[in-house]
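Trainee: One structure coming up, written as structure tokens, with questions to follow.
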Amino acid sequence: MIDKRIIDFIQEHHLLTLSTSKDNLPYCCNVFYIYNEKNNSLIFSSDTKTKHAQDFIENPEVAGTISLETKDIEKIQGVQLLGEINELKGEDLEKSFKQYLNAYPYGRLLETHLWEMKLTFIKMTHNKLGFGKKLIWEKKVN
């Protein structure tokens, strides 16, 4: 079970730094996301022609970070993530599309192509709990 403090942090934020790799060449970008607690995944929009989308279409294993920007060391919080990206389709796409547009209404003006990053590993740094305190969750392999 994922620590509620991790879930709360992910839900309080909206900007994911997504890191991809293709042919051993790393790349990163920023995307707005919504959190799907049921699937423990991040939903985001990206055109299939972008470099990062081309990367994760070929290699769906990705990493990411979400962080609180602060210079106060006692307030530092952030998560480092690993996951796998897939394209949303069918009923999952319909549900996610409504939630995404609710969070980001300007998406109606764009060609919104939704992807899901299913999380497999989360490490949260949470200095409010003590300097360097880490909370870790990892998906159990069946």
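Trainee: Taking the Cα-to-Cβ direction at Thr50 and at Phe97 and moving 7 Å from each Cα, how far apart do the two end points lie in nm?
Mentor: Placing both labels 7 Å beyond Cα along the Cβ direction yields 1.9 nm.
Trainee: log10 I(q)/I(0), Debye, Cα-only the chain, no solvent, q = 0.20, 0.21 Å⁻¹?
Mentor: Listed by q, the Debye log ratios stand at -1.26, -1.35.
Trainee: Is there a pair in Lys51/Lys139; Lys38/Lys98; Lys95/Lys118 whose C-alpha atoms are over 20 Å apart, and which pairs would that be?
Mentor: Beyond 20 Å between Cα atoms: Lys51/Lys139.
Trainee: Turning to a different aspect of this structure: Working out 0.36 nm times the residue gap between Ser21 and Glu87, then minus their Cα-Cα distance, what length gain in nm do you get to one decimal?
Mentor: Separation in residues times 0.36 nm, less the Cα-Cα distance, equals 22.0 nm.
Trainee: Continuing with the same structure: Below 15 angstrom from the Cβ of Cys28, what's the summed charge of the other residues (Lys, Arg +1; Asp, Glu -1)?
Mentor: Every neighbour counted, the sum reads 0.
Trainee: Separate question: What does the convex hull of the Cα atoms come to per residue for region 56-120, in Å³?
Mentor: 133 Å³
Trainee: In addition: For the chain, set up a GNM with springs between Cα atoms under 10 Å and report which of Ile57, Ile66, Ile43 has the largest fluctuation.
Mentor: Of Ile57, Ile66, Ile43, the most mobile in the Gaussian network model is Ile57.
Trainee: For Ile2 and Lys133, calculate 0.36 nm times their separation in residues minus their Cα-Cα distance, and state this gained length in nm to one decimal.
Mentor: 45.6 nm
Quick note: the coordinates plus some simple rules give every number you see, no bench work behind them. Because the structure is a prediction, the values reported are computed rather than measured. Backbone-built Cβ (ideal geometry, glycine too); neighbour counts: all protein chains shown.
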